[in-house]
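Colleague: Provided herewith is a single structure, encoded as structure tokens, for subsequent inquiry.
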Amino acid sequence: MILTGTEIGRQRDRGALTIEPFTPAQLNPVSYNYRLGSTLRTHRAAVIDTHAEHGLEEFDIPATGVVLEPGRVYLGTTVEEIGSNLFVPSLIGRSSLGRLGVFLQFSADLGNVGSCHRWTLEIKAVQPTRIYADMIAGQVTFWATVGAGLGYAGHFGRINEATIPPAGLLAAAR
């Protein structure tokens, strides 16, 4: 079951999910608008080898924005820390950006229960497009789970443990 925008706000207020910083005006009927952080990373190698390590070039997005080059994958982050020990977050790009040929989260849109952090965003443009730090880039939805959960024990679940409410508080939120 997907949470409505009103329920996302209510569950956040109860401590059952994290969106920080939070702006009520960014709530939608069944999602919350997340913003693009101020730094991008990209591979500069002419050929990417899946069996090799590749360094990333990192740069800040200036106030005047940055033009994305077609055919290149950029990695950004959300401004917001997003997660929950009770609900599954799913991040997608905005359709308004998709209509411009800018695609976000095209392979890794599903989060895990128990993971809370600033999310890495996959960004690709099919034509030169200027983007800006702090712009609304996509939407996050939250889904209720059914059945016994395994829990997320991966790297990203430990990044911001202090921002995830204790499990006892989360159980009371249901």
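Colleague: Placing +1 on the Cβ of each Lys and Arg and -1 on the Cβ of each Asp and Glu in segment 52-94, which of Thr78, Leu56, Leu91 has its Cα farthest towards the positive end of the resulting dipole?
Modeller: Leu91
Colleague: Taking amide hydrogens as modeled 1.01 Å from N in the peptide plane, which residues meet the under 5 Å criterion relative to Arg130, leaving out close sequence neighbours?
Modeller: Leu68
Colleague: Whose amide H sits under 5 Å from the amide H of Arg118, counting only residues 5 or more places off or on another chain, with H placed in the peptide plane?
Modeller: Under 5 Å from the amide H of Arg118 lie the amide H atoms of Ile82, each far enough along the sequence or on another chain.
Colleague: Per the Kirkwood definition applied to all pairs of different Cα atoms, how many angstroms is the hydrodynamic radius of segment 61-108?
Modeller: 13.2
Colleague: Please give the net charge around Glu122, taking every other residue with its beta carbon less than 12 angstrom from that of Glu122, where Lys and Arg add +1 and Asp and Glu add -1.
Modeller: +2
Colleague: Please build a GNM for the chain, connecting alpha carbons under 10 Å apart, and tell me which residue among Leu56, Leu17, Leu36 fluctuates the most.
Modeller: Leu56
Colleague: Moving to a separate point now. Given the options Ala125, Ala108, Ala133, which has the most mean-square fluctuation in a GNM of the chain, springs set between C-alpha atoms less than 10 angstrom apart?
Modeller: Ranking Ala125, Ala108, Ala133 by mean-square fluctuation puts Ala108 first.
Colleague: Roughly how many debye, to the nearest 20, is the charge dipole of segment 32-134 about its Cα centre, given +1 on each Lys and Arg Cβ, -1 on each Asp and Glu Cβ, and no other charges?
Modeller: 360
Colleague: Over segment 5-165, calculate the relative contact order: mean separation of alpha carbon pairs under 8 Å at least 6 apart, over the residue count, as a percent.
Modeller: Computed over segment 5-165, the figure is 30 percent.
Colleague: What's the ranking of 73-86, 41-54 by average number of surrounding C-beta atoms within 10 Å, highest first? The partial results should precede the final answer.
Modeller: Working: 73-86: 21.7, 41-54: 9.3.
Peptide ranking by packing, descending: 73-86, 41-54.
Colleague: Let me ask something additional. Report, please, the projected area of the chain averaged over directions, based on the convex hull of its C-alpha atoms, in nm².
Modeller: So the Cα hull casts an average projection of 11.0 nm².
Colleague: I need the P(r) histogram for segment 16-106: all alpha carbon pairs, bin width 10 Å from 0 out to the longest distance, whole percents.
Modeller: Whole-percent P(r) values from 0 Å outward: 12, 39, 33, 15, 1.
Colleague: Running a GNM on the chain with Cα contacts under 10 Å, which residue among Thr120, Thr23, Thr64 ends up with the highest mean-square fluctuation?
Modeller: Ranking Thr120, Thr23, Thr64 by mean-square fluctuation puts Thr64 first.
Each value in this text was obtained by applying a stated rule to the coordinates, not by laboratory testing. Keep in mind that what you see is a predicted model, and the values were worked out from it rather than measured. All Cβ positions, glycine included, derive from the backbone under ideal geometry; neighbour counts span all protein chains shown.
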